[in-house]
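To keep things clear, I will list the structure first and then write my remarks on it.
The values are calculated or read from the model by the stated rules, or taken from the named source; none is laboratory data. Computed from a predicted model, the values in this text were never measured in an experiment. Here the Cβ positions follow ideal geometry from the backbone for every residue, glycine too, while neighbour counts run over all protein chains shown. The area values use the complete protein model at the heavy-atom level, side chains included, leaving out ligands, DNA and RNA. Shrake-Rupley method; radii C 1.70, N 1.55, O 1.52, S 1.80 Å.
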Amino acid sequence: MGHLLLACTLFFHVFSSVKGDFLIEGLRNIQKRNIAEPVNDIEVYSINIDCKVTSRFAHNVITSRAVNRANVSKEAIFTVDLPKTAFITNFSMIIDGITYSGVIKEKETAKKQYQTAVSKGQTAGLVRASGRKTEKFTVSVNIAAQSKVTFELVYEEMLKRNHGKYEMLIKIQPKTVVRNFQIEVQIHEPQGISFLDANATFITNDLLPAVHKTFSAEKGYVSFKPTLDQQRSCATCTTSLLDGDFTVTYDVNRESSGNIQVVNGYFVHFFAPHKLAGVPKNVIYVIDRSGSMWGIKMKQTREALLEILEDTSEHDHFNFILFDDEIDVWKPSLVKATPENLIEAKDFVREIQESGATNINDAVLRAVELLDKAHELNQVPERSVSLIVLLTDGEANEGETVPERIQENVRKANKNGYTLYCLGFGYGVDYGFLEKMALENSGITRRIYEDSDAALQMQGFYTGIANPTLVDIKMQYPENAIANVTQNSFKHYFDGSEIVVAGRIIDNDLNFFSVDIQAEGADNSLKYSENVQLQEKDGVSKQQEYIFGDFTERLWAYLTIQQLLEKRVSADPSEKEKLKQQALDLSLKFKFVTPLTSMVVTKPEEKEKEEETLVADKFVEGPNSAKQCPSPASLAAYQCPSTPYNWVDSDPHFVISVPSKNDALCFNIQEEPGVILNLVEDQEIGIAVNGEIIGKKQTGNNVISKETYFGKLGIVNRKLKLRIEVTTETITIMMGKNKREYTWEKKTSVKKEGLNLVVSKKNNVTLSFGEGAQFVILLHHFPKDDPLHTDFLGFYTLDDHKFSASVHGLLGQFFHGIDYEISNIHETKNPDKPDATMKVKNKLLTVTRGLQKDYESDYRNGKKVPCWFVHSNAQGLIDGTHEDYIVRDIFYIGN
């Protein structure tokens, strides 16, 4: 759904100014106390979210005011969730009457300034990913006793229309009641507003009177101003009911197909024709069914495909290609979506089973081949739209595996220009590879998040492309009168969306502004024309300066930067630098925090300390969590997205994903060969996993290397009376009195009584127990004549959030999250491995930034994942000591 995501999530963590004196556990635990008292003397007494929208362009200001009522200084951390597609334009703090403002700088310049600050052990504020649609801005400041601080964050974004409306999603989570809490949304749409609505997930009958909405002609207004009593979760509580999404939706009148607005020498043209017949579409769904799609992923994929088939128009044609290390096509050619064919297709979808590796190259080329054949033999309508929808959750590891070669193969094969959409399921995908391949073939890439609503996410994507009404749209503006026009030719127009073009007018004597549009419809060629008398429009715009009069220029810059960055993804190396410089110049001119710029904030500290330098970097959806992190010299390398599952592999390195911080923790356990360690134990659901340690091969002088690995894993499921032993040679399943042994060499699938197990011929075992747990075990194999290396196992937990609250073990204790704070980041002798202080479980630990390898999606080479390394066998991080996790038997599970 098209949206402006105006998400404001504010937290204040308070610590004593006395070194090492930790006063509170944080607001998360205060909520449970349910008593009426100030939050550690820091009172957030005002939160104001002000949103002004002019012609789909939004200018948003989030202002928060807090006071420290204590007799000692306290530290407050200001955290805001804002849209990933937005650009920050300003941030400032007002302390003791002094304003500290952010300055937008080129990223490399900001990095150097930050490196100077970080060498002094100073902390940082940054923008990073925090959810599907949001990224997090965080900054901390020390508030003197009996003093106030004001935070103000400003950002801008263009609203996109989808499914016939614009949406503003305002995420609210103040935690405590706030004396002055208000949201105000002012909308000015010259076309006139056709409808306006507002709602919230947390609305109760008591809160309903706090919501006001009104619109008339061009203006709309929404406000939400709850009183203290309305905010309270109970009559005497300080905790707040305001926890969820506040949503504003609207659309504009559409008496004509488009609307042109000209202000201060810049124009913006909105084009959204309605009441058009749909153009038939030809869709080939290319579905990854490899072993990593096992369980809930494939279940959700089947659910989504069944709903998509239900919504498919009868004039459409479609087919399915399933791939793992083999390629299977449902029908020899595309078929029409008749009721009979749809019934047969649904039966086919219900039977999709997952196993094997991932051959993306051959699957996509097969889809191109099928579409070529369909057009050559006139099996599909002449006036139709041909699309390929690729869904995958991993990286190519079968057939052609080099991303650049796959991209080249698809680009060359797709000579007829079919649109390729890529859906990347979860974080294991190489997002950058999919993004470039889609852009080179007129499509886009979207990430499908591994949540309970993944099927709805896929359906939502399909709904956006379900009804094409125009093809090959070309928009012609006055020659020699304009310059710097944004993209003005488009492959498709989908019903319920909107095309936006902006540019600069260079003819000062131009009296009329016109545009001619040509496009292909369902039955014939179509032409549209729009005209604007400039003087009249300028007069109107001056009356609306209470919103912001230069919105056309800023909207043009916003669109131009977005499109330059997009072109840069698929550009030739010679063009990349030119596009980068153009986008950088505009980012600096209009003071946008973009992927090419950073915002530097000088933050005051206590009088005896120096000022701190903070750097805000924009998060960019990247290839995967490791590849999108810059070098450790930059801020983002200290906190960057991690793969959202936990694992242990290699020497043995334990890696703990921390999705709430888009980061990871890691540690080693050093023990002797033969020791068995408990990795997972959940007595409530009756599942346990233990691993036996082995050492390297003996060398010629009979000295054994200190490096150790897991050579055997034991998995227990009490409810199924099941035990599975996995060694580097065999997989043995023992269920009751039955026992069956399998080898790694043979591809195998086992399904019985709640157990699903797949042995891939590529050294991969995937197993799950119904919907309760899913594991992947990897075999690292070396030649028998290797003098040193020995075969060993890696263990990866997927869907681990489905374990009970009592789950434990070296990995299991982290399945439901771990909270910590990182501070005092400083360089060491190794510039790639800075040290820092971690506050966790009321302890202060020294940790080191490092890299560990995740082999789950690339079992050959692995991908590097940054993490904070905890020393001394994870002492202080894990409960107890590592000796507490030594068990006597490979199938041990407590009572």
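Data overview
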item: Test: Val349 is closer than 17 Å to Leu420 by Cβ and within 30 Å of the chain's Cα centre (by Cα); result: no
item: Boolean, Tyr285 is among the hydroxyl-bearing types (Ser, Thr, Tyr), over 27 Å from Gly521 (Cα atoms) and either open to solvent by less than 10 Å² (accessible area, probe 1.4 Å) or in contact (Cβ under 8 Å) with a residue 24 or more places away in the chain (or both); result: no
item: The stretch 802-846, residues that are open to solvent by 40 Å² or more (accessible area, probe 1.4 Å), under 23 Å from Leu614 (Cβ atoms) and not in a strand (DSSP E or B); result: Asp819, Glu827, Thr828, Pro831, Asp832, Lys833
item: All positions within the stretch 212-242 that are β-branched (Val, Ile, Thr), assigned to a strand (DSSP E or B) and buried (at least 18 other Cβ atoms within 10 Å of the Cβ); result: Val222, Thr239
item: Selection within the stretch 188-218 - of a type in the set (A, V, I, L, M), in contact (Cβ under 8 Å) with a residue 24 or more places away in the chain and closer than 30 Å to Arg232 by Cα; result: Leu196, Ala198, Ala200, Leu207
item: Verdict on Lys739 being without any contact (Cβ under 8 Å) to a residue 12 or more places away in the chain and either under 30 Å from Asn359 (Cβ atoms) or out of contact with any helix residue (DSSP H, G or I) (no Cβ under 6 Å at 6 or more places or on another chain) (or both); result: yes
item: Index of the failed condition, Pro866 passing every other in (1) touching a helix residue (DSSP H, G or I) at 6+ places or on another chain (Cβ under 8 Å); (2) farther than 21 Å from Tyr645 by Cα; result: (2)
item: For Asn341: the one exception among (1) more than 30 Å from Asn409 (Cβ to Cβ); (2) polar (S, T, N, Q); (3) assigned to a loop (DSSP other than H, G, I, E, B); result: (3)
item: Meets criteria (assigned to a helix (DSSP H, G or I), within 27 Å of Asn416 (Cα to Cα) and of a type outside the set (Phe, Trp, Tyr)) for Thr486; result: no
item: Residues of the stretch 215-249 satisfying the condition of being within 18 Å of Gln191 (Cβ to Cβ) and not acidic (Asp, Glu); result: Phe215, Ser216, Ala217, Lys219, Gly220, Tyr221, Val248, Thr249
item: Conditions (1) without any contact (Cβ under 8 Å) to a residue 12 or more places away in the chain; (2) more than 27 Å from Ala277 (Cβ to Cβ); number of the one not met by Gly394; result: (1)
item: Where a residue in the stretch 227-241 is of a type in the set (A, V, I, L, M, F, W, C) and its partner, wherever it lies, is surrounded by fewer than 14 Cβ atoms within 10 Å (Cβ to Cβ), with Cβ under 6 Å and at least six apart; result: Cys237/Asn34
item: Val380 being within 27 Å of Thr401 (Cα to Cα) and either in contact with a His (Cβ under 6 Å, 6 or more places away or on another chain) or surrounded by 17 or more Cβ atoms within 10 Å (Cβ to Cβ) (or both); result: no
item: So Val149, is it open to solvent by less than 20 Å² (accessible area, probe 1.4 Å) and modelled with pLDDT of 75 or more; result: yes
item: Count - residues of the stretch 867-884 that are closer than 30 Å to Ser290 by Cα and open to solvent by 10 Å² or more (accessible area, probe 1.4 Å); result: 0
item: Any hit, the stretch 259-271, residues being in contact with a strand residue (DSSP E or B) (Cβ under 8 Å, 6 or more places away or on another chain), buried (at least 21 other Cβ atoms within 10 Å of the Cβ), in a loop (DSSP other than H, G, I, E, B) and at pLDDT below 90; result: no
item: Options Ala413, Ala483, Ala454, Ala396: the member that is more than 24 Å from Ala522 (Cβ to Cβ) and open to solvent by less than 10 Å² (accessible area, probe 1.4 Å); result: Ala454
item: Which numbered condition Glu303 fails, given (1) under 30 Å from Asn764 (Cβ atoms); (2) open to solvent by 10 Å² or more (accessible area, probe 1.4 Å); (3) not in a helix (DSSP H, G or I); result: (3)
item: Selection status of Glu681, assigned to a loop (DSSP other than H, G, I, E, B), acidic (Asp, Glu) and either open to solvent by 10 Å² or more (accessible area, probe 1.4 Å) or closer than 19 Å to Ala773 by Cα (or both); result: no
